[in-house]
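My questions will all concern the structure given below.
The values are calculated or read from the model by the stated rules, or taken from the named source; none is laboratory data. Since the model is a prediction, treat every value here as computed from it, not as a measurement. Using ideal geometry, Cβ is built from the backbone for each residue, glycine included, and neighbour counts are taken over all protein chains shown.
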């Protein structure tokens with residue numbers, strides 16, 4: 001069943017990108033908490049323009065299309081390893097801000113971030129029991145505050 005779903009997800013992504021006039025190949029690989037759809041091809045940089053807005057939109061569409069039957073967590077769509085690099089950069093920034101919060105005692109801010117990026121920050125900060133993070137704001141893009149964890 002999982003192989004069938006991954007094949008249908010790859011075909012769906014290839015059909016959407018073909019409709020956009022892009023010639024890209026999609027490959028699905030399982031993640032610990034979901035599935036990664038990796039795109040490769042000559043036209044991939046089109047999705048990466050404007051800070052990857054096209055890639056974010058495609059990921060949103062794929063998640064909306066397969067959310068009900070995926071059931072294994074998140075679906076990440078990457079193109080030319082753009083998201084992999086940006087995710088690691090965001091993780092490192094979150095860790096640096098957590099260290100700064102511990103050193104200075106001041107709350108650090110990062111954002112505005114979409115839900116996918118906020119999750120990366122929260123998970124990176126969760127590794128340190130001395131700091132905590134919370135999202136603030138009332139829109140799709142929110143700011144994450146990183147501060148010293150309060151003890152009960």
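Are any residues in region 67-86 over 15 Å from the mean Cα position of the chain (by Cα) and either farther than 15 Å from residue 37 by Cα or without any contact (Cβ under 8 Å) to a residue 24 or more places away in the chain (or both), and if so, which ones?
67, 68, 69, 71
Moving to a separate point now. Residues in region 31-54 that are loosely packed, with under 13 Cβ neighbours inside 10 Å and either in contact with a helix residue (DSSP H, G or I) (Cβ under 8 Å, 6 or more places away or on another chain) or farther than 25 Å from residue 69 by Cα (or both): how many?
Residues that pass the stated criteria total 5.
Just checking, which of 2, 11 is surrounded by fewer than 16 Cβ atoms within 10 Å (Cβ to Cβ) and either under 21 Å from residue 113 (Cβ atoms) or modelled with pLDDT of 90 or more (or both)?
Residue meeting the stated conditions: 11.
Pairs under 9 Å by beta carbon, first residue over 11 Å from residue 111 (Cβ atoms) and in the same structural domain as residue 100 (by TED's automatic domain parsing) in region 127-143, partner modelled with pLDDT under 95 and in a loop (DSSP other than H, G, I, E, B), six or more apart or different chains?
128/149; 129/149; 130/149; 131/149; 132/149; 132/150; 140/114
Considering region 87-102 alone, what residues qualify as being touching a residue at least 40 places away in the same chain (Cβ under 8 Å) and either touching a helix residue (DSSP H, G or I) at 6+ places or on another chain (Cβ under 6 Å) or assigned to a loop (DSSP other than H, G, I, E, B) (or both)?
Going through region 87-102, the residues touching a residue at least 40 places away in the same chain (Cβ under 8 Å) turn out to be 94, 97-98, 101-102.
Correct list: 94, 98.
Inside region 103-127, can you point out the residues that are in a loop (DSSP other than H, G, I, E, B) and either touching a strand residue (DSSP E or B) at 6+ places or on another chain (Cβ under 6 Å) or surrounded by 16 or more Cβ atoms within 10 Å (Cβ to Cβ) (or both)?
Within region 103-127, the subset in a loop (DSSP other than H, G, I, E, B) is 105-107, 114, 127.
Residue satisfying the conditions is 107 alone.
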